[in-house]
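I have placed the structure first, in the form of structure tokens, so that the comments after it can refer back to it.
The values are calculated or read from the model by the stated rules, or taken from the named source; none is laboratory data. Bear in mind that the values here come from a model prediction, so they are computed numbers and not experimental data. Note: accessible area is taken over every heavy atom of the protein model, side chains too, but ligands, DNA and RNA are not part of it. Shrake-Rupley method; radii C 1.70, N 1.55, O 1.52, S 1.80 Å.
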Amino acid sequence: MISKELRSIFTQAVGYAKSSKHEYLTLEHIFLMLIHDQTIENLFLDLGVDTDQLFSELKKYVDENTPKFPVGITEEPMETISLSSTIEYMVSHVQSSGKTNANVEDMFVAILKD
């Protein structure tokens, strides 16, 4: 149901949230990892967006605005309701279009929908 590339994006986002000791896994974590996916990055470049600057500014935003676990606590980040509903929307949209797999483009569109 989820493409290998999109699974990789999710894995990277979870890894970043964990390594940053973030309490939550958010849409912004996913979007942060999508920025450097080749397909999405090419889209941004075609639109004249500086992806390095976008990545840097979003990373700073995520780091400054995502609650962190206290020192010594090693919990898994919890998926936000917004992220869960966006993933559900993406899966529903993919299924209704007759596709068998959701890909990075589907996730990108689902995020923009919000």
Gain upon complete extension [Tyr89, Ile73; 0.36 nm per residue less C-alpha separation]: 2.5 nm
Tensor-based shape of the range 1-50 (alpha-carbon gyration tensor, a/c under 1.5 rounded, otherwise prolate or oblate): oblate
Cα-based Kirkwood hydrodynamic radius, the range 15-77, one decimal, Å: 12.5
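Determine the calculated [θ] at 222 nm for the chain from helices alone, applying -39500 (n - 2.57) to every DSSP H run no shorter than 4 residues and normalising by the residue count; nearest 500 deg cm²/dmol.
Calculated at 222 nm, the ellipticity per residue is -20500 deg cm²/dmol.
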Distance histogram in 5 Å bins (all Cα pairs of the chain, percent per bin): 2, 12, 21, 23, 20, 13, 7, 2, 1, 0
Candidate aspartates and glutamates - alpha carbon under 20 Å from Lys60, same-chain residues fewer than 8 apart omitted: Glu23, Glu28, Asp37, Glu41, Asp50, Asp52, Glu79
Relative counts (whole %) of C-alpha pair distances in the range 55-114, using bins that are 10 Å wide: 19, 36, 29, 15, 2
Accessible-area composition of the chain, carbon plus sulfur, in percent [1.4 Å probe]: 54
